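Chemist: Before anything else, here's the structure in question.
A short reminder: the numbers here are calculations on the coordinates, not readings from a lab. Everything quoted here is computed from the prediction, not taken from an experiment. Neighbour counts are summed over all protein chains in view; Cβ atoms, including those assigned to glycine, are modelled from backbone coordinates with ideal geometry.
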Amino acid sequence: MAYKIVVDSCCEMTDTLKSIKNIVSVPLTLQIDNYKILDDENFEQNDFVERMLAYEGTAKSACPSPVAFADAYEGNEEDVYVVTITKKLSGTYNSAVQAVELFKEENNSDKNIHVFDSKGTSGFEVLIVEKIDELASQGMKFEDVVKEVNDYIENHIDLYFCLDNLENLRKNGRLSNLAAAVLKKLKVKLICKATDGDIDKVSQDFTISRAILKMCNIMNNDISKGTIPKKLIITHCRCLERAKLVASKLSEKNNFEKIEILEMSGLNTLYANDGGIIVSYCH
């Protein structure tokens, strides 16, 4: 069966994903004051971060419209798999779901379309897309792919992150003003994990360097309790050397089949802010 994979722009387009013939990315919109751009292949992280740092207001984002997703569902493919950022951080998932009904009504279509709530973002989405492509390319039935991928999301992927700057999380309502003010005053750096789409604090430290090392130790401990890790994806916001350090520390105790390091896409940059690191792995 011919298939298509549709992602939002929180899913970084790695070389592996770019090699998939039938993949379409639907971009979110990013805005800093009167400056508005699409979060697409033209996104320039350094320029965007400099604009954020210079702006005293709130950098904002808008999810793609249902129409934008419905347009992406067009084509001759019988099966369409859609992957979005966790619905607990964005309205993108709901927009993609609304688009399914819109597409089927306007086209009188019985095409198979399933929207996965990734329950994460960034490399987490990348790993899900790679799994979909692996299964669908083998000719697996649509409903079986959906079942296998849902199990994969629930039981075989993890995401950790460490942020140097919490301002955008606070400004966008992802962190209470009180918590952000206390953490900023204490200069605490948070280590967090994605748990069922939510952000859970795992630990903290007083410098970003110490927090990064602590995150690696926590991850190595978690990995040692489970099955053998396979792939590691690290995305960063203007801190390539920090990302390389994370890869090195995690590789000391784990033999990953594949490690990828790349810049965050636009929305991930907006939330993670300057110096942020997101680490995703499958097992």
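Chemist: Quick one: dipole size for the range 1-151, taken about the Cα centre, charges +1 on Lys/Arg Cβ and -1 on Asp/Glu Cβ, in debye to the nearest 20.
Modeler: 280 debye
Chemist: Roughly how compact is the range 1-112, stated as its Cα Rg over 2.2 N^0.38 Å to two decimals? Mind dumping the intermediate values first?
Modeler: Values: Rg = 15.6 Å, N = 112, 2.2 N^0.38 = 13.2 Å.
Here the answer is 1.18, to two decimals.
Chemist: Which listed residue (T227, T269, V279) has the Cα farthest towards the positive end of the charge dipole for the range 188-283, taking +1 on Lys and Arg C-beta and -1 on Asp and Glu C-beta about the Cα centre?
Modeler: Sorting the options by dipole projection puts first T227.
Chemist: I would also like to ask the following. Run the numbers on the range 57-201 and let me know its relative contact order in percent, using alpha-carbon pairs under 8 Å that are six or more apart. Present the calculation step by step, with values, prior to reporting the outcome.
Modeler: On the way: 172 pairs, mean separation 33.7, N = 145.
Answer for the range 57-201 is 23 percent.
Chemist: Another one. Which peptide among 162-169, 242-249 comes first, and what is the full order, when sorted by highest mean count of other Cβ atoms within 10 Å?
Modeler: 162-169, 242-249
Chemist: What percent does the relative contact order of the range 1-48 come to when contacts are Cα pairs within less than 8 Å and at least six residues apart?
Modeler: 31 percent
Chemist: Sticking with this one: Could you tell me how many degrees, from 0 to 90 and to the nearest 10, lie between the Cα long axis of helix 123-136 and the main elongation axis, the longest principal axis, of the Cα atoms of the chain?
Modeler: 30 degrees
Chemist: Tell me which of Y160, L30, H114 sits at the most positive position along the dipole axis of the chain, charges placed on C-beta atoms (Lys, Arg +1; Asp, Glu -1).
Modeler: The residue sitting farthest along the positive end of the dipole is Y160.
Chemist: Please give me, ordered by residue number, the trypsin sites (Lys or Arg not before Pro) of the range 61-124 that lie in loop per DSSP and have at most 13 other Cβ atoms within 10 Å.
Modeler: Answer in residue order: no site qualifies.
Chemist: Could you give the dipole magnitude of the range 157-282 about its Cα centre, charging the beta-carbon of Lys and Arg +1 and that of Asp and Glu -1, in debye to the nearest 20?
Modeler: 340 debye
Chemist: What number, rounded to the nearest 500 deg cm²/dmol, is the helix-based mean residue ellipticity at 222 nm of the chain, given -39500 (n - 2.57) per DSSP H run of at least four residues and division by all its residues?
Modeler: For the chain, the value works out to -12500 deg cm²/dmol.
Chemist: Not counting the cut sites, what is the longest span of the chain without chymotrypsin sites (Phe, Trp or Tyr not before Pro) that DSSP labels loop and that have at most 12 other Cβ atoms within 10 Å?
Modeler: Value returned for the longest uninterrupted segment is 56-205.
Chemist: In degrees from 0 to 90, rounded to the nearest 10, what is the angle of the helix 45-54 Cα long axis to the longest principal axis of the chain?
Modeler: 50 degrees
Chemist: Which entries of K119/K141; K18/K141; K111/K131; K171/K258; K111/K258; K36/K231 have Cα-Cα distances beyond 26 Å here?
Modeler: Over 26 Å Cα-Cα: K171/K258; K111/K258; K36/K231.
Chemist: Starting from the Cα gyration tensor of the chain, take the square roots of the eigenvalues, sort them a ≥ b ≥ c, and report rounded, prolate or oblate (rounded when a/c is under 1.5, otherwise prolate if a/b is larger than b/c, else oblate).
Modeler: oblate
Chemist: Only four residue types carry charge here, +1 at the Cβ of Lys and Arg and -1 at the Cβ of Asp and Glu. Report the dipole size of the chain about the Cα centre in Debye, rounded to the nearest 20. Intermediate results must be reported in sequence, preceding the final value.
Modeler: Details: 34 positive and 44 negative charges, 315 e Å.
Dipole size: approximately 1520 debye.
Chemist: To continue, here is another question. With the Cα gyration tensor of the range 12-66 giving a ≥ b ≥ c as the square roots of its eigenvalues, does the rule (a/c under 1.5 for rounded; else a/b larger than b/c for prolate; else oblate) give rounded, prolate or oblate?
Modeler: oblate
Chemist: Suppose a student asked you for the relative contact order of the chain, using Cα pairs under 8 Å spaced at least 6 residues apart; what percent would you report?
Modeler: Reported relative contact order: 22 percent.
Chemist: Where does the charge balance sit around L213 when Lys and Arg score +1, Asp and Glu -1, over other residues with C-beta under 10 Å from its C-beta?
Modeler: Local charge sum for L213: +2.
Chemist: When the Debye formula is applied to the Cα atoms of the range 157-282, each taken as the same point scatterer, what base-10 log of I(q)/I(0) results at q = 0.09, 0.20 Å⁻¹?
Modeler: These q points yield log10 I(q)/I(0) values of -0.23, -1.15.
Chemist: Angle, helix 142-155 long axis vs. longest principal axis of the chain, Cα atoms, 0 to 90°, nearest 10?
Modeler: 10 degrees
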